[in-house]
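Accompanying notes for the structure given below.
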Amino acid sequence: MARPPQAPPVVQVTPAFDTKHARTEHGLEVKALGGALTQVLVYVDGEPVPGRLDDSRTTWHTDWTLKPAAEYTVTATATREGAPATVAMGRLRTRAAARTFQVAATAPLPGETVGAGMPILVDFDTPIENKAAVERALEVTAHTPVEGAWRWITDTRVVYRTRRFWTPRQEVTVTAHLAGVRGGAGLYGAADSTFSFTVGRRQTSAIDTRTHRMVVERDGHVVRRMAISAGMATTTEYTTTSGVHLTMDKGNPVRMISPGREEGDPGFYDLLIDHAVRISNSGEYVHAKDNVWAQGRSNVSHGCVNARPDQAAWFYASSLRGDPVTITGTDRVLEWDNGWGFWQLPWLKWRQGSALPETDAAGDGVPQR
C-alpha cells in the first residue's frame, strides 16, 4: 500500500515579505517548519548578505543587522522527504533611521604598520548608549588567532586590546558592522566600515632608571644598548612613570613647554627637542639631548627619557606606533588611561570594561548576533 504524500514544508521569513518599514536591529530570519532548509539566498543592493544556518538546518539568520532604508530580496528552499520542495521568494524593505552614527576615526590608520602592543581605537561621531549592541558589531580578524577584548573608555571611544602582544608580521582587519545597529533611542548605525593594518616586527624596549640604561630588542635579539637620563624626580611631574608604555607618535622637532609655569617662573622652559617619540599623555618622550655627561650616570630630565643624539635618532627612525617601552625604577606608576597605558591593566580587569557579558567579552573574530 502506497504511503500518502507528505505535506510540503513551510518557509517562514521574519520580517515578513512585503514589509515596508522593517526594524533593522534584529536582522533577518528564515525558518523551515516541517522540513529543512537547503538553500537561503539574501541580497541587498546586489550584494549577498552573510548568514548562518543552525545545526538542525531549520533556521537561518543574518550574521549582522540590516541596513536602514534598504530593499532585501530573499529566496529560500526547504525540503522534506516524501514531499515536494518549497521555494519562497519575496522582498521586504527596512525603515529609514531618524538619527545615525558612524565611525569618526580609528587607530591604527588604514594600511599602517604598527608595533606588537598596538591597541585598536574606534571613535564614534555620536555618544553611544547601547554599547553592547555596538560592541557585538565590531569584528577583529587576524591571520594568527588572537584573544582580545573591547573596553569602553568614553561614550564615544572603545578600545580593543589583545591578551598578549600581537604575533608579528601579520595583517589584521577590523570591520564595524554598524548598518542598522541600534546605538540608542532613535539612533542607528548608518553604514558598515572596515580597515586593515599590519603588525610589523616585534620591537620592545626596557628602560631602567636606576642603572640609566635602555635596551632595545627586535624579534628577541638585542639590537641597541643606550645610556639614558630620566626624570630628576624632584616633583611628581618631573618623575618618569614606571610601567608598560606604548610609542604613540613622534616629531622632529617637538616643542616642549614646562607644565604649569609661565615665562619668568623658576623652572620655566620652552624648547624644540629633536627626534622625540611620545610614550604617554603626560609629556613623556624618548628624545635626543646632548647632555652626554648625565646619560648613563644620573637622572636630570623633566620627566622624559633622553639619549645621545645619534642613538635617539636611531630609535626615532626604528619606532612604530604601538612598540612597547617598559620603564622601571621610579615610584610614579603609569596610569592605565595615561596615553595608551592599557597594558597596565591585568587582563581580567581590562575585560571588565566590556559592555558584554563576561563569557562574550573576549572576541575571537567570530561574528556574533
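The values are calculated or read from the model by the stated rules, or taken from the named source; none is laboratory data. Just so it is clear, the model here is predicted, and its values are computed rather than measured. No Cβ is skipped: glycine too gets one built from the backbone with ideal geometry, and neighbour counts run over all protein chains shown. We work out accessible area using only protein heavy atoms, side chains counted, and drop any ligands, DNA or RNA first. Shrake-Rupley method; radii C 1.70, N 1.55, O 1.52, S 1.80 Å.
For this structure, a couple of remarks:
- Extension reserve of the residue 268-residue 57 stretch, reckoned as 0.36 nm per residue once the Cα distance is removed: 68.7 nm
- Taking 7 Å steps out from each Cα toward its Cβ at residue 237 and residue 126 produces label points 4.0 nm apart.
- Set of the range 57-88 residues, backbone N closer than 15 Å to the point 7 Å along the Cα-Cβ line of residue 38: 57-58, 76-88
- At R0 = 41 Å, FRET efficiency that the Cβ-Cβ distance of residue 29 and residue 196 yields, to 0.05: 0.85
- Portion, in percent, of the accessible area of the range 79-158 that falls on carbon or sulfur, probe 1.4 Å: 50
- Within the shell defined by Cβ-Cβ distances under 11 Å, the residues around residue 218 carry a net charge of 0, with Lys and Arg each +1 and Asp and Glu each -1.
- The loop-placed GluC sites (Glu not before Pro) in the range 133-171, going by DSSP, that have at most 14 neighbouring Cβ atoms within 10 Å of their Cβ come out as 147.
- Chymotrypsin sites (Phe, Trp or Tyr not before Pro) restricted to DSSP loop in the range 244-314 with at most 16 other C-beta within 10 Å: 268, 269, 293
- When both bridge partners sit in the range 227-304, DSSP labels roughly 90% of those beta bridges antiparallel.
- Given R0 = 22 Å, the distance between the Cβ atoms of residue 328 and residue 221 translates into a calculated FRET efficiency of 0.55.
- Environment charge of residue 9, counting only residues whose C-beta is closer than 12 Å and scoring Lys/Arg +1, Asp/Glu -1: +2
- Given their separation in residues at 0.36 nm each and the Cα-Cα distance between them, residue 155 and residue 211 gain 16.0 nm when the chain is fully extended.
- 25 °C / 0.890 mPa s Stokes-Einstein diffusion coefficient of the chain, Kirkwood radius on C-alpha pairs, µm²/s: 103
- Cα long-axis angle, helix 309-318 against the chain (0 to 90 degrees, to the nearest 10): 10
- The chymotrypsin sites (Phe, Trp or Tyr not before Pro) of the range 1-88 meeting both criteria, a DSSP state outside H, G, I, E and B (loop) and at most 15 other C-beta atoms within 10 angstrom of the site's C-beta, are 17.
- In the range 222-332, the portion of solvent-accessible area held by carbon and sulfur atoms comes to 50 percent [1.4 Å probe, whole percent, DNA, RNA and ligands not counted].
- Residues of type aspartates and glutamates that residue 67 reaches as a straight line, Cα spacing below 20 Å, ignoring anything fewer than 8 places off in the same chain: 18, 25, 29, 45, 47, 125, 129, 135, 139, 192
- Solvent-accessible surface of the range 253-306, averaged per residue with a 1.4 angstrom probe and all protein chains in place: 53 square angstrom.
- Taken along the Cα-to-beta-carbon direction at a fixed 7 Å, the label points for residue 18 and residue 164 span 5.8 nm.
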